[in-house]
Each structure stands twice: as structure tokens, then as C-alpha cells.
Amino acid sequence: MNAYDATSPSDLLIAFLEGDLQEMHEDLLFSHLSGNPGLRLEMRELIAVNRLSSVDAQSLQPPSEWKAAVMSDVQELRNASVRDEPRRPIALPWFRTGALAVLTMLFGVLGTLGVQYLVQGDAVIRDVRPATVTNPQEVVEPLGAAKERTKQESDGSVSPGTDTGRSITAQSASSPVLAGNDVGVIIDHDFPEQRTHRVPSASTNEREALSADSEEELHRPKVLKESSVLLVENDFIVDEPVPSASPDAVLPQPLSPDLSVRPEHVEIGYRNTIGSAYPNVVLPSELDQQDADAGINGASLSLLYRLDEHHLIGLETGRDVFPQIYRGTENGEQIRYEQKPVLFWVGAAYQYRTGSVLFDGLHPFVRVIAGGTDAGPLTKGVAGFQFIPERRVALTLGVEGSALLYRYQGDWFSSRSLDFTYGLSISF
Amino acid sequence: MNERSDIELYQCVAQGGVTAEQAFNLLYDRLSPHVYRYCRRMLGNEELTQDVFQETFLRFYRSIESDRNMTNVKGFLIRIARNLCYDARNSKHYGLAELPDELPGFSVRDEYEQKELLEIFRSVVDCLPVQYREPLVLKEYDGFSCKEISVVLEISVATVKVRIYRAKQMIRKQMSPALAELVS
């Protein structure tokens, strides 16, 4: 099919000038040209148009300064720092982060209990039975009492089978101590100097089963000397002096952790941080989010449960600025993102607090937090001192290091910080 | 490097490395006049032309991929420019060129008159409808064949030819008084 109308002399002409005229139409065109002066003028005009377009095309050259502008833009693309709408590389969805925090907390709890169990070494946590048993054989006696009885029996001062006291000696058993409701005095053969740890019975039935004498004896064994004993802190404080053991007697061993939840063991804390974060990202003010609500950036709230005087576990949550620089490839070009998102974080916390140092109430501590944000997993470590002027109040001062991991196009990047931290904790 | 084809230079840029910058410079030197002519004739406005021109090369650079099956770098670049020109024409900043009410018929005897005639020609081309102007510019200003134009514009070869014919006839008719003087 031809692009021109063979019946139109103008079309034939222009097709001829464009080089598209078919050979069979050339004679037709020439015959038109020979008999039509207007057509010949038209041909000359079309030739002039072609020349003008050629001249115009040659005269059109891009200004030389435009090249420098283009090359400058291209160079900037090569090392692009995208600073417009911030992007958050999502490494782990919230539910995965939450699962990680829960697992870490469980690990922390189990680890703490395990460490405490190991610390007690061969300490025998004996099965403690309520002193309701009527079988004399099951009456627990301090070892010292048993020896004393033997001595008394041997010299005839006491008839065999006479109870010299109803203090309880733990039976040799591999089962753990009955938790909570039992009156138990645990005797550790290997650690005779250890403190008595008493857990008042919560079972009225058991109390009733005990005779008045025996209950009194439970609290004040005859064979034990009365002396003041170092009082354990907080709820472990014994109101009245607890008799210390004689050299022959072995003092009861602290019970294994009471796993029941006690409100007085709960600590609510607030911390704030001031410090430096890495990498160093400088953004235009309109893109820098950290100034918004600056008062709560770096702050955190914690809810910890005190397992004993040293170990605490719980949750902590806060909000921080996490400077991010990460690189990738988009549309064939290398690109780099810089941003400073403000992210909420949550994590499982474990804290170890030592006894007082230097002066009363000053306790070194370390805290580990494992959790995450919606950008990725997060870990924090805090070390410092807590000043506890009163049982329910603790002032915190220390140093915190944190690291956020996040992923972009398969590569891992990190945002780190080292801060000075201070805070306040309150117990019920 | 100068002896390499456009496609080889494109691959050099796509692969990166030390020669990528030099290759892109060469591509720019070869193809920038085509892009400029196209943009200048399609937009008829120097300021808009500069914006579209620079943006064309930026988008071209961003879109360079080593695994792209590139067969016609100039055509690829013109397609980018074409889309940008289309957007620019639809923007509020674009104003249609207007043909003078009367084209004087005069004899071209000196350089000044030649320049005036050229300006008139440019004005007439700028006033052509886009569907006729575009194939004309691609053929007469950028040297594309009718087949290449048909690929860029996504129309048939026959349609490309017809539109070119019509464009030239329109120009001739609009410039007839001046052209008659010129050719007499």
C-alpha cells in the first residue's frame, strides 16, 4: 500500500522528493510536471522547505554550559544521599520482634534460676514436710539436736524417743522444697554459717497440727544459740533476731526462690539518656524528626520484678532516635539513604544488682535488654550504680550502650549509641 | 573509546567502573544535539527545552541497566525526551506558538533576511499539529528512518510517511509567499 495518493500530483511530487515514489508512477509525475507550472513551483518550494529544515537542524546545538549541568547532576546521582521522604527498612515485623523478646525473657528467667541453682552448689534443697506428721521418725531436727539427743540418751538424761524439740530438720531428699506454705528450716551440712531463712506457714491447717511448743521451737530451737543474724534485706528481713547456729549446728539454708508474684517485688522505673549516636547523620531541619517531641526521645519505662536481692527481670520500653545510613542499588544506580527516624522499642530486661559498696545503699548494677523496633532487633546494655536510700526508691546513674540492627536489600546495617543514663525506680 | 558504537558505550556505563564516566561523556556528545533539536522543535520554548533536556539525560542515566537489551540508544533517549515533552506540553507553563498573522513576502538577499526567513520557518514548524510535527522533526532534525520513527511513535511506516508529507505541505502553504520570493 502506498503512502501517497497516486491520483494526486502533489502526493506524487512529495513522494518523489522523499524517495518513496514507485518507478511505475515516475512517468506520471513527469508528465504532470511538464504540463503544470504550478506543480513545478510547488516542487521548488518543497525543495526549499527541505533545505530550510536542514539548515535549521544544523543550527540547533545544545548550549555548551548545559553539559556541565547534566554531568554535575549525574555525578550527584552516583553518590546520592536521598534525604527526602525517610525510609524505614523493615527487618522484622512486630510479631517476630515480640516473639524474640518473649523468648529472650524466658531465657533470662531460666538462666537466672539456673545460675542461682548452680551458686547454691551442692546445697541440698530438701523436701520439707509440714510438722504435722505424727511419726517421730519424720520429725525433722537440726543435726545438732540429733547429736545432742544422742548424747542425752547415751548418758540417760533423756529417754529414747523423747522429743527434745520440734524444730524441723529437712529430710534427705532430692525433691525440691514445698513451696510457699511450709515452715521449713533447711539445713545445709556444708555451710554451717549460713543464715536462717524462714517462710512463715500460710497454711492454718498445718499450724493447727503443730503443738504450741513445737511452733515455738520452730522459731527458737533449743539447740541453737540466740544471736543476732545478718538480716536479709527487703521482704526477707526477719523482724526478730534469728538464732545463729552453734559451730556444730548447721544453719538453715535460704530457700529456693519464691516464685509467687509479690507486689512489693515490682519495680517501676523511668530512665533518660543523653549521649552520642552513630553513624553521624546531619539532615536539613525540615527532615530531622528528632526535634519533634524531643522531651521523650531517649526516655524509657521499665517494669521489673525482683526475684531476689540481686536479680530482676521484666520489660522495658522507650523511644529513641536511631541514625541510619544504608546503601543499595535502585534502577541500576548506587544509592545511599541517610535518615534519623524516631522509633519506639520494647525489650525483655534482666538486671543484676550487687550488694552495697563504699557506703550503705550504693549498689553497682548491670542490665541487659533484648528486644526490637519495627526496623529490626535491638540490644542494650546498661551499667552503673543504683542508690537505694529507702527500700522503695532507687536512683540510677550509669552508662548505656545500644545497637539496632536493620536490613536493606539483604545487607545488614547498624545504628549504635553510647549514652549517659539516669533514672528513678519505685517499688510498691 | 571514540570508535565504540552507542550500544558499546551504553554497556560501559551500565557496568560501571573507571571507563563509565568517559563512556557517558561520549554518549552525551553524540546524542545531545538530537535530543536538543527534538525538544526545541517540539516545545518551541528555550526554557522548557533546557529543563526537559537535562531531565532526559538524568532519567537516561538512572535507567541504565547492564541486563537491558539495548538496540537503539538514540531511539531510547528520544523516547524519554518524547514523554517528557508530552508532560511539559500538558503543563501550565507551556504556551502554543502562534503564527504571525501575515508572512511578508520578500527577497532573501542578505544574511539578515536569511535569518528572518529561518525564524519564520521555525515559527511555522512550531505551529504544526503535534502528530505532524513529530515525525517531521524526527526525520529531518534527528535523522531517523521512517521505520525507526514508526517504532518510536508506535504507528505504521505508511502513516509516518503520510504525516511527513502532510507536514511539509502545510509548511509550504504557510510560507508560500516567502518561499515564492525565495525560489523566484
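Let me know the mean shielding of A:21-28 by other chains, meaning the per-residue number of their Cβ atoms within 10 Å of its Cβ.
Averaged over the peptide's residues, the number is 0.
Using each residue's phi in region B:123-136, evaluate 6.51 cos²θ - 1.76 cosθ + 1.60 at θ = phi - 60° and report the 3J(HN,Hα) Karplus result to the nearest Hz, with x for Gly and Pro.
4, 5, 4, 5, 8, 5, x, 4, 5, 9, 5, 4, x, 4
Could I have the simple spin-label model distance between A:MET24 and B:TYR86, label points 7 Å from Cα toward Cβ, reported in nm to one decimal?
Once both label points are built, they end up 3.8 nm from each other.
For A:ILE14, A:ILE296, which order do you get if you count the other beta carbons within 10 Å of each Cβ and list the fewest first?
A:ILE296, A:ILE14
Cut-off is 10 Å between beta-carbons; in what order do B:ASP29, A:ASP56 appear when sorted fewest neighbours first?
Values: B:ASP29 11, A:ASP56 19.
Placing the least packed residue first, the sequence is B:ASP29, A:ASP56.
So if we plug the beta-carbon distance of B:VAL130 and A:ILE268 into 1/(1 + (r/R0)^6) with R0 = 51 Å, what FRET efficiency do we get, rounded to 0.05?
It comes out at approximately 0.10.
Within 10 Å, count the other beta carbons around each residue, average over each peptide in A:17-23, B:51-57, B:119-125, and list them highest first. Working shown, then result.
Details: A:17-23: 14.0, B:51-57: 22.6, B:119-125: 19.7.
Packing proxy ranking, top to bottom: B:51-57, B:119-125, A:17-23.
How shielded is B:30-42 by partner chains, expressed as the average number of their Cβ atoms within 10 Å of its Cβ atoms?
What the average comes to for B:30-42 is 3.
Would you mind giving the mean number of other chain beta-carbons within 10 Å of the Cβ of each residue in A:57-67, as a whole number?
6
Return A:PHE322, A:PHE387, A:PHE16 ranked ascending by Cβ neighbour count within 10 Å, so the fewest neighbours appear first.
Fewest-to-most Cβ neighbours within 10 Å comes out as A:PHE387, A:PHE16, A:PHE322.
Just so you know, all these numbers are worked out from the coordinates, no wet-lab data involved. Everything quoted here is computed from the prediction, not taken from an experiment. Using ideal geometry, Cβ is built from the backbone for each residue, glycine included, and neighbour counts are taken over all protein chains shown.
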